[in-house]
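Asks: Quick one: the structure is below, and I'll ask about it shortly.
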Amino acid sequence: MSLCGASGAAAQPWVGPSGEPSEEAVTEARALYARGSEAAEEQRWSDAIDHFERSYSLSGAAVALYSLGYTLRAVGRFRDARDAFDQLLEDPSVDDDLRAQATPLREEVADKVAVLSLGGLELHDDARVQLDAVEVEDTGQRPLPVETDPGEHALRVDAPGFAPFEWRGSLGGGDRLTVRVELEAASTPWYQSPWLWVGAGTALVIAGIITAVIVQGNAQLDPRTEYHLEL
């Protein structure tokens, strides 16, 4: 199966600076953090997420990653929020106060992540799974667990030689739902049917015989010399 970068994919960590950030980078990160906090207070969530992400990428400051996780939680992106808090809590340099605030939030959002459990893929290792038009990573686990956030979702599974399998449904926070993927052999298109070409061949043979008879009959009616009678 293919890999993806959204629902069902392995978490991608937010990347901070590779070394000690410069004074200019820290100054810009602080300004971005302030703008992110202002946007969050005004519930401009998309702007807040963008500012906190950029602030963290420049500074690597734990508080920026914490605020990012908090904002993702506010917009219902529980899976991403959990991953942000996980990354924060894995950092041994995070102070105890921030760790104490992040830990219960991490547990809260983790409980709200929904999971689709896909059965029936045991014989289709070459299948391509998509959730909400985004490819899903195959971990090799069967049934295949696919994490996502609450809401309406569309699942599609494709495999060579089989008709696509599709499922649509709604998931609530923390839901666990098993979906049995049943792939049916694809039907042969009408223009590829061997019976069509057998029938067409027979029709051509019959048409050829009829044409030959007509030509032969016309030849018999045509004058054999330049002399002929006119009635």
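Asks: Considering 29, 84, 40, which residue is in a helix (DSSP H, G or I), more than 30 Å from the chain's Cα centre (by Cα), surrounded by 19 or more Cβ atoms within 10 Å (Cβ to Cβ) and of a type in the set (A, V, I, L, M)? If you could, list the steps in order and put the result at the bottom.
Replies: Working: 84 fails: more than 30 Å from the chain's Cα centre (by Cα); 40 fails: more than 30 Å from the chain's Cα centre (by Cα).
29 is the lone residue from the list that is in a helix (DSSP H, G or I), more than 30 Å from the chain's Cα centre (by Cα), surrounded by 19 or more Cβ atoms within 10 Å (Cβ to Cβ) and of a type in the set (A, V, I, L, M).
Asks: Only one of these conditions is not met by residue 140: (1) assigned to a loop (DSSP other than H, G, I, E, B); (2) assigned by TED's automatic domain parsing to the domain that holds residue 73; (3) not acidic (Asp, Glu). Which number is it?
Replies: (2)
Asks: Taking the stretch 157-171 as the search range and keeping residues that are exposed (fewer than 14 other Cβ atoms within 10 Å of the Cβ) and under 15 Å from the mean Cα position of the chain (by Cα), which one is nearest to residue 80 (Cα to Cα)?
Replies: Per the stated criteria, the residue is 168.
Asks: Now a separate question. Specify which of the listed residues (146, 109) is touching a Phe, Trp or Tyr at 6+ places or on another chain (Cβ under 8 Å) and crowded, with 20+ Cβ neighbours inside 10 Å. Quick ask: steps written out before the conclusion?
Replies: Working: 146 fails: touching a Phe, Trp or Tyr at 6+ places or on another chain (Cβ under 8 Å).
The conditions single out 109.
Asks: Is it the case that the stretch 34-45 has a residue that's among the aliphatic types (A, V, I, L, M), in contact (Cβ under 8 Å) with a residue 12 or more places away in the chain and farther than 18 Å from residue 93 by Cα?
Replies: Taking the stretch 34-45 first, the residues among the aliphatic types (A, V, I, L, M) are 34, 39-40.
Now drop any that are not in contact (Cβ under 8 Å) with a residue 12 or more places away in the chain, which leaves 39-40.
Narrowing the set further to residues that are farther than 18 Å from residue 93 by Cα leaves 39-40.
Looking through the stretch 34-45, at least one residue is among the aliphatic types (A, V, I, L, M), in contact (Cβ under 8 Å) with a residue 12 or more places away in the chain and farther than 18 Å from residue 93 by Cα.
Asks: Scan the stretch 112-136 for residues that are surrounded by fewer than 18 Cβ atoms within 10 Å (Cβ to Cβ) and either within 16 Å of the chain's Cα centre (by Cα) or part of a helix (DSSP H, G or I) (or both) and jot them down.
Replies: 115, 117, 126, 128, 132, 133, 134
Asks: In the list 207, 154, which residue meets the criterion of being part of a strand (DSSP E or B) and either modelled with pLDDT under 65 or surrounded by 10 or more Cβ atoms within 10 Å (Cβ to Cβ) (or both)? First the steps, then the outcome.
Replies: Details: 207 fails: part of a strand (DSSP E or B).
Unique residue meeting the criteria: 154.
Asks: State which residue pairs qualify: first residue within 11 Å of residue 132 (Cα to Cα) and aliphatic (A, V, I, L, M) and inside the stretch 142-160, second residue outside any strand (DSSP E or B) and at pLDDT 95 or above in any location, beta carbons under 8 Å apart, and separation of 6 or more residues or different chains.
Replies: Filtered contacts from the stretch 142-160: 154/132; 154/133.
The values are calculated or read from the model by the stated rules, or taken from the named source; none is laboratory data. Here the structure is a predicted model, which is why all the values come from computation and not from measurement. Here Cβ is always computed from backbone atoms with ideal geometry, including for glycine, and neighbour counts include all displayed protein chains.
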